[in-house]
Each structure stands twice: as C-alpha cells, then as structure tokens.
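The values are calculated or read from the model by the stated rules, or taken from the named source; none is laboratory data. Computed from a predicted structure; not experimentally measured. Note: ideal-geometry Cβ built from the backbone for every residue, glycine included; neighbour counts use all protein chains shown. Heads up: the accessible areas ignore ligands, DNA and RNA and are worked out on the full protein's heavy atoms, side chains in. Shrake-Rupley method; radii C 1.70, N 1.55, O 1.52, S 1.80 Å.
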Amino acid sequence: MTTIGIVRHGITDWNLKGIEQGRIDVPLNDEGKLQAIALAERLTAEEPWDLLISSELARAKETAEIISERLEMPISFLDARLIEMDSGEIEGTTEAERLEKWGVDWQRLDLAMESQDIAAQRGLEFFEEISKKFEGKRVLIISHASLIGATLKKILPEQICKVNLRNTSITILHRLDRNWECSLYNCIKHLNVIDISKKNNGFSMKE
C-alpha cells in the first residue's frame, strides 16, 4: 500500500485579499509560515514520511522548505505537475474587479483558464505515477487548492463532490492495488496551536 499525504500551502496576503493567484508567484505571509511550522510539528509527532515532493511555485515551495527543515528530511524534488491551475486572464484580480471588467457572466467567457478536467487529469497522472514508483512508501505532497480539489474529485467522485481546502490542511490517500481510499480529509487540527495576537498586531504560537 502506498500512502500519499496531500497538503495545501500556507496562507498568503493574496489569499486574505481574495486575489486570484493561479500561477503567479506569491510568497507566504507571516501567518502562512506559522501554519507551516504548526503542520511540521504535527507531522514530527506522527508516523514518519519517506519522501517530500512540492510544487515549484514559491508559496508551496516555502511550505515544503519549512516542513523539510523541521522533519530533517530533504525535499526529494519539485514537480511542475503540482503547480496550481492556470487562471489565465483573471490572475491578479479580485471578484469585484472581474465583475467590473467582464460582467456577471465572466465565468462563461474564454479567459484562457485551464479547465478542471485538464488539471484533474495531470493531477491524477502524477498520483498514479507516484503510487507505482514509490510503492509501499509514505509520500508527502505540497500543492495548491484548485489542483488538489480537482484531482480529489476525479479520484474519489462518489466521496468528494465539493472541495474547500483550508491552508496547510492535510488529506491522506491510500493506494492499494487499483483502488484509492481516503482516511483523512482537509484536516487542520494543527492550526489550533496558532493564536492571533491582537496586542502584538501579528501572529504567535500558543505556549
């Protein structure tokens, strides 16, 4: 059995502002870094992982680097198939800006966006390849919400129909023979250790 842990990157300023990131390189903000640290601490206390693979976009790579340092496990490699869905012309815009520029039916326009089907297919091909190449291993993947969501819906259509993945959430899949099983979905229990400190106007870890 191959186990694949799928993690969405930590939060960014663009996430907070509702700006479509797509394939634009946006770094983690301070909260996102703390989220990654909290996840790394959780992973350290749980069953160890054999490999760490990440999207090459900065927000995912930074998340992977923080986890790598805490787990004392190198990033095995970056894979272009894990990058976020291409959002075409809407990248760098908010919903309000899209409505102003293209109107209420902007989602029906051809704005050079990657389709969910195409994204799901490259995600599926990646997971299938990894499950065979590293059979019997525990593989941790750092990627992006839309790509992960589209892939999960394709892999487990009867179980997952609507996806709203939280930042640094972890989902765990198991590949046994030709079947996929999900034992953990969109779990963020590690974020309970993060305290928003209003006095310091920032973020800190609870003691």
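Results, tabulated for the structure shown:
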| read-out | value |
| --- | --- |
| The listed residue being open to solvent by 30 Å² or more (accessible area, probe 1.4 Å), part of a helix (DSSP H, G or I), modelled with pLDDT of 95 or more and in contact with a helix residue (DSSP H, G or I) (Cβ under 7 Å, 6 or more places away or on another chain), out of Arg81, Arg98 | Arg81 |
| Qualifying residue in the stretch 42-62 (condition: among the hydrophobic types (A, V, I, L, M, F, W, C), open to solvent by 40 Å² or more (accessible area, probe 1.4 Å), under 21 Å from Ile6 (Cβ atoms) and assigned to a helix (DSSP H, G or I)) | yes |
| Some residue of the stretch 135-143 being in a helix (DSSP H, G or I) and at pLDDT 95 or above | no |
| Residue in the stretch 114-121 that is at pLDDT 95 or above, part of a helix (DSSP H, G or I) and open to solvent by less than 30 Å² (accessible area, probe 1.4 Å) present | yes |
| Condition check for Ser146: within 20 Å of Gln35 (Cα to Cα) and in a helix (DSSP H, G or I) | yes |
| Unique residue being touching a Gly at 6+ places or on another chain (Cβ under 9 Å), on the phi > 0 side of the Ramachandran plot and either of a type in the set (Gly, Ala, Ser) or surrounded by fewer than 19 Cβ atoms within 10 Å (Cβ to Cβ) (or both) when the list is Gly10, Gly18, Gly92 | Gly92 |
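Conditions tested, residue by residue: (1) farther than 24 Å from Thr151 by Cα; (2) aliphatic (A, V, I, L, M); (3) more than 13 Å from the chain's Cα centre (by Cα).
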residue: Gly10; (1), (2), (3): no, no, no
residue: Asn15; (1), (2), (3): no, no, no
residue: Leu43; (1), (2), (3): no, yes, yes
residue: Ala60; (1), (2), (3): no, yes, no
residue: Ala64; (1), (2), (3): no, yes, no
residue: Glu89; (1), (2), (3): no, no, yes
residue: Arg98; (1), (2), (3): yes, no, yes
